[in-house]
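The values are calculated or read from the model by the stated rules, or taken from the named source; none is laboratory data. Being a predicted model, the structure only gives us computed values, none of them experimental. Note that we place each Cβ from the backbone using ideal geometry, even for glycine, and neighbour counts take in every protein chain shown. To get the accessible areas, we keep the full protein, side chains included, count just its heavy atoms, and leave off ligands, DNA and RNA. Shrake-Rupley method; radii C 1.70, N 1.55, O 1.52, S 1.80 Å.
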Amino acid sequence: MAEALNRSIAFAGIDIGKNSFHVVGLDERGAIVLRQKRSRAQVEARFANMPPCLIGMEACVGAHHLSRGLQRLGHDARLMPARYVRPYSKGQKNDFNDAEAIAEAVQRPTMKFVATKTVDQLDLQAMHRVRERLVSQRTGIINQIRAFLLERGIAVRQGLRFLRSELASILAAPSDALSPRMVRIIEDLTGDWRRLDERVEGLSKEIEAIARRDAGCERLISVPV
């Protein structure tokens with residue numbers, strides 16, 4: 001009975017949750033033949049016992065890892081942007097209905113898919129995201145230093161390089177505008193700024209080195225801007 005059920009599944013949709021995944025399987029006619037709730041660890045084991053089928057998932061956190069695992073089992077696992085899946089949702093929103101909508105959407109010949117990322121591509125993406133966060137933190141520190149100086153009547157021209165070049169002399173010069181406590185606060189912020197500079201520079205060099213080894217990235221780097 002279970003073997004016959006497995007053979008009848010032509011399309012499947014997986015709604016990915018934090019701990020529980022909801023799976024809906026359709027036969028060639030589009031009828032629902034499988035509705036199951038599985039833990040994260042059980043999903044690949046469930047599909048390991050099934051003949052190859054077309055499996056759809058929304059492109060979200062964890063989807064690329066699962067997609068690679070299902071592809072290794074011989075399935076045609078595809079990822080889709082969530083906004084392209086919504087039109088196929090029927091009835092009240094719940095996890096099983098979402099999984100059914102995914103199973104419907106993955107069959108559409110005009111569907112736009114997201115390429116499954118490799119481990120190296122996910123590493124590179126993570127590095128970009130970390131660098132973006134560090135740059136944002138650095139900008140916040142720079143703006144805070146400017147604000148503290150301006151509150152005490154010390155204006156520095158706009159531009160990171162101007163603040164970088166003038167800050168040491170501002171803090172070293174005797175001034176009634178800056179109390180010893182404020183000098184110490186700004187010096188601590190400057191230390192944070194310097195450490196963030198080092199981390200951003202390190203990540204930038206690593207990202208550039210990886211890009212130089214990738215033909216597609218190399219072509220993008222060479223495009224004039």
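Some notes on this structure:
- Cα-based helix-to-principal-axis angle, 180-213 vs the chain, degrees rounded to 10: 40
- Over the chain, relative contact order from alpha-carbon pairs under 8 Å, at least 6 apart, %: 15
- Probing with 1.4 Å while keeping every protein chain in the model, the per residue accessible area of region 1-154 equals 56 Å².
- Cα-Cα P(r), the chain, percent of pairs per 10 Å interval: 7, 24, 19, 15, 15, 12, 7, 2, 0
- Efficiency of FRET between residue 20 and residue 86 - r from beta-carbon atoms, R0 22 angstrom, step 0.05: 0.55
- Solvent-accessible area assigned to carbon and sulfur over the chain amounts to 53 percent, based on a 1.4 Å probe.
- Rounded to 10°, Cα long-axis angle of helix 63-72 versus longest principal axis of the chain: 40
- Note, ³J(HN,Hα) from phi for region 89-102, Karplus 6.51, -1.76, 1.60, rounded to Hz, x at Gly and Pro: 6, 10, x, 5, 6, 7, 5, 5, 5, 5, 5, 5, 4, 5
- DSSP-assigned coil residues among trypsin sites (Lys or Arg not before Pro) in region 101-177, each with at most 11 further Cβ atoms within 10 Å: 112, 157
- Here the 3J(HN,Hα) profile of region 136-142, calculated from phi with Karplus coefficients 6.51, -1.76 and 1.60 at θ = phi - 60°, is 5, 5, 5, 4, x, 5, 4 Hz, Gly and Pro shown as x.
- Radius of gyration and Dmax over the Cα atoms of region 154-211, both given in Å: 15.0, 50
- The length gained by stretching the chain between residue 162 and residue 61 to full extension, at 0.36 nm per residue less their Cα-Cα distance, is 32.3 nm.
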